[in-house]
Amino acid sequence: MKNIKDSEFIRGEVPMTKFNIRSLSIAHLQIEKGDKFLDIGGGTGSVSVEAALQGAEVSTVEFDKTAYALIKENAKKFGVKINLILGKAPEVLLSTEYKDVQFDKCFIGGSGGELKNIFDYLEGHLKKGGIICANFILIKNLNEFLELLSKYGYIEIEADLVQTSSMGRTGLFKGENPIYIVRACKS
C-alpha cells in the first residue's frame, strides 16, 4: 500500500494527522480488508482515506463544517468511499443508522471533550478484540484516555510519545508538536 504524503491532501486550515503519526497510527490499527472502521474527529480525512485505501469500510464523524467539506474533497481526490457523518460523537452516532453498527477498529483524532461518552458508545459498538487507537497533544487527555481504557477493561495497551522534525527548504529542521499515540484492544 502506498502511504500518502501530507502535501497530497487538500488541507486548508483544518488540523491533519501528519504522515509520520498517521503511518504509526494506521500500523497500530492493523486494518484489514473488510474491517468496519470508525474515525472520530476526522479533520482532513487523512486517516479515513488511508484506511479506505486498505479496504476498510470507513465511517467518519466530524462536527466542523469546513473539515467535513475537506474530508469529502479528499475522499473524491483519492477515489475512496467514506460514510461521512456531520455532528459530534457520540450523540450523532446514537441518532443515526449507526446506533446498531458494530465496528472492528476505531481511531480517535479528536474527541471534542467527549472521551467518556465515546467510551460508553464503544462499549456496545466496538467488537470484542476490536482495536482502538487515539492521538493526543495534551497530557491531560492522554491521562483521561488511559484511565478509561483501564476502567473499561481494555488490554494490550501500548503508548508512545513521538516527536518529529522535518527539514525545511533552508536545511533547518522544524519541530512538530509531540504526539501521544495510544492503542489497545477491547477485551
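The values are calculated or read from the model by the stated rules, or taken from the named source; none is laboratory data. No experiment lies behind these values; they were computed from the predicted model shown. With ideal geometry, Cβ positions are generated from the backbone for all residues, glycine too; neighbour counts draw on all protein chains shown. Only protein heavy atoms, including side chains, enter the accessible area calculation; ligands, DNA and RNA are left aside. Shrake-Rupley method; radii C 1.70, N 1.55, O 1.52, S 1.80 Å.
Descriptive notes on the structure:
- In region 140-171, the residues that are closer than 28 Å to Ser7 by Cα and open to solvent by 100 Å² or more (accessible area, probe 1.4 Å): Leu161, Gln163, Met167, Arg169, Thr170
- Residue within region 37-46 that is modelled with pLDDT under 95 and aromatic (Phe, Trp, Tyr) present: no
- Considering residues of region 4-17 that are in a loop (DSSP other than H, G, I, E, B) and open to solvent by less than 70 Å² (accessible area, probe 1.4 Å) only, the residue farthest from Val101 (Cα to Cα): Gly12
- Residue list for region 105-124, restricted to those being touching a Phe, Trp or Tyr at 6+ places or on another chain (Cβ under 7 Å) and in contact (Cβ under 8 Å) with a residue 40 or more places away in the chain: Lys105, Gly112
- Among (1) touching a Phe, Trp or Tyr at 6+ places or on another chain (Cβ under 9 Å); (2) under 26 Å from Leu138 (Cβ atoms); (3) modelled with pLDDT of 95 or more; (4) not charged (D, E, K, R), the one test that Pro90 misses: (3)
- Conditions (1) at pLDDT 95 or above; (2) farther than 17 Å from Val101 by Cβ; (3) among the polar types (S, T, N, Q); number of the one not met by Thr60: (2)
- Options Val58, Val47: the member that is over 18 Å from Thr164 (Cβ atoms), of a type in the set (Val, Ile, Thr) and touching a strand residue (DSSP E or B) at 6+ places or on another chain (Cβ under 7 Å): Val58
- Considering only residues in region 99-112 that are open to solvent by less than 20 Å² (accessible area, probe 1.4 Å) and in contact with a Ser or Thr (Cβ under 9 Å, 6 or more places away or on another chain), the one that is farthest from Tyr180 (Cα to Cα) turns out to be Phe103.
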